[in-house]
Amino acid sequence: MPVGPRMSVERRLGTQARPARVFVALSVVLGALTAVAVLLQAWLLAGLVSTSFTERLGPLELVVPLAGLLGVVLVRAGLAWAVEVAAHRSSARTKSDLRRAFLGHAMRLGPHWLAGRRTAQLETLATRGLDALDAYFARYLPSLVLAFVVPTAVVAVVAVQDPLSAVIMGVTLPLVPLFMALVGIGTKKLTARRLSALQRLGAHFLDSVEGLGTLKVFGRSAARVREVGQVTDTLRRETMGTLRVAFLSSLVLELLASLSVAVVAVAVGLRLVAGDLALSTGLFVLVLAPEAYLPLRRLGAQFHSSADGVAAATKVFEVLDTPLPPGVSDGVAGIPEADAPELGLDGVTVRFPGRSGPALDRIRLRVPAGGVVALTGPSGCGKSTVLQVLMGMLPVDAGRATVDGVDLAALDPATWRRRVAWVPQRPHLFATSLLGNLTLGRPDATVGQVEQAVHDAGLGALVDRLPRGLETPLGERGFGLSAGERQRLALARAFVLDAPVLLLDEPTANLDGDTEEAVLAAVRHRVAGRTVVIAAHRPSLVSLADQVVRLDRTVAEAAEVQP
């Protein structure tokens, strides 16, 4: 068996995934039953053949042993079916658990960790990458169990019947896993390179599709096609290299197993000719010899099939092992009961990797319950960073963010975010219907609530223009809508959520004057009774606020100014 990092990943799959542990235990039981069936089948077959040679048996006398042999064959088929069913169910549950853990940890790592990685690579890892675990559970793990149980049982039984054949098996059987270990050293590197090539191809293809319009406008589509072709060719070469090693290693293992069986057969044949061995015993050993090597041969073949899944699991575990940023925890404290809570920043400092200075430096801020605070200041002073801290999406390096005096890090993140409506500068829209994007945070919203939000955000003309109204499907990231329409859609989504906390990051960016006036009137109506923080450049937005807080890159503490 291959050793080293792969073994640690396999051990971790077995210890961290409960379905995998259950399946391993079930595989041991089914493997033991399979070993018994193998021995019983060999005994029945050898007895039937030897008796046919030494005695005259009529057709009726053959019925019972043939029926017994057929029954054993059916039992083996049933055991194989049970292993397949258990393997696929275990694989599905384990993949689901790993995906849930992977996505959950990636979310806790935060947007800045995600921003440093290509989305398509993470998507490929969580989808097609982990799908390769099917081969690991359905083929490799059962073969691994049988490779230990069946040869052990066969050698033990043969040792009682023919010690010399048992010695030959005992010497040759360990050579198979030895060669597998040598092959596994190279296979791991090739498989890791192939997975990386697959992730690069997914990233290139997704980037190309998303930027297709821009590429066509600037005449770069042909160059991009060549780049995707080069990445595809790299994946082809890596795949063929992996297959080449798989075929060559299978040939070596098949040859080794065949030669080992041949040595046993020659020793048995010579002693049968010399009369030193009974015919029934010789046939029993000859039937069992291939069965002893068959699980190891299958294990060698399935090792390569499972390598992609193990490589993907390795990368998933690397993400799961990534430590959370300081200040991030799986808080479980309840959310304060107040409809519109008080928000605060108490000496908060935030630093981003690769930057010399802090994005926020000991900022102090108080947003009273039901109050509206506008954050102003030059670009890059940290207004968007403050909103992300209040959202719970960005951990702090010093100080703390509070909700009604409770540390935000101690609250359950999912529950808190359901109480916050956030409109970023560049809202993300999904490739679903307009209605699906509007009700993303509140799927149970009524038609009246959606229509009111659409009206307040100034989206009525857009809905009337679309061929299917609210049911019109949108392109990925809102393709087909203007920047202003996307911004208004994000505002309408926040209005539908109807949350007690509203965080707005330049909500009227990309809007013309008339639309901005209509949207401001809606926002002015919507902020009543809510705790609102607005990152604003335009004076029209500042006029909505009860307090204005100016941030400056060189000022450690924000100064509050009454409007």
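Just so you know, all these numbers are worked out from the coordinates, no wet-lab data involved. In this text, all values refer to a predicted model and were calculated from it rather than measured experimentally. As a convention, Cβ positions derive from the backbone with ideal geometry for all residues, glycine included, and neighbour counts pool all protein chains shown.
Positive-end ranking of Gly441, Pro473, Gly377 along the dipole of the stretch 343-561, with charges on Cβ about the Cα centre, is headed by Gly377. Estimated from the Cβ-Cβ distance and a Förster radius of 60 angstrom, the FRET efficiency linking Val64 and Glu227 is about 0.30.
Between Leu175 and Glu318, the modelled label-to-label distance comes to 3.7 nm, taking each label 7 Å out from Cα in the direction of the beta carbon. Here the gap between Val160 and Leu259, fully extended at 0.36 nm per residue and compared with their Cα-Cα distance, gives a gain of 33.3 nm. Note on Arg362 and Asp131: the extension gain reaches 78.6 nm, defined as 0.36 nm multiplied by sequence separation minus the Cα-Cα distance. Put a dot 7 Å past the Cα of Val273, heading toward its Cβ, do the same for Asp498, and the two dots end up 9.3 nm apart. Annotation: amide H-H contacts under 5 Å for Asp505 (H modelled 1.01 Å from N, sequence separation of 5 or more, or interchain): Val423, Ala535. Taking 17 Å as the cut-off, the amide N atoms of the stretch 433-460 that come nearer than this to a point 7 Å along the Cα-to-beta-carbon line of Ala521 belong to 452-460. What spacing in nm lies between the two simple spin-label points modelled at Asp512 and Arg418, each 7 Å away from Cα in the Cβ direction? According to this spin-label approximation, the distance is 4.1 nm. Working note: Debye formula, equal point scatterers on the alpha-carbon atoms of the stretch 343-561, no solvent; log10 I(q)/I(0) at q = 0.07, 0.13, 0.15, 0.18 Å⁻¹ is -0.22, -0.74, -0.97, -1.30.
Relative protection proxy for 489-499, 339-349, 22-32, from highest mean packing down: 489-499, 339-349, 22-32 (other beta-carbon atoms within 10 angstrom). In this structure, His88 and Asp546 have a Cβ-Cβ separation that, at R0 = 41 Å, corresponds to a calculated FRET efficiency of about 0.10. If you plug the beta carbon distance of Met240 and Ala410 into 1/(1 + (r/R0)^6) with R0 = 45 Å, you get a FRET efficiency near 0.25. Were the residues from Gln425 through Asp397 laid out at 0.36 nm apart, the gain over their Cα-Cα distance would be 7.7 nm. Ranked by the mean number of other Cβ atoms within 10 Å per residue, highest first, peptides 257-264, 291-298, 87-94 order as 291-298, 87-94, 257-264.
Working from the Cα coordinates of the stretch 343-393, the gyration tensor eigenvalues give, after taking √(5λ), semi-axes of 20, 12, 10 Å in decreasing order.
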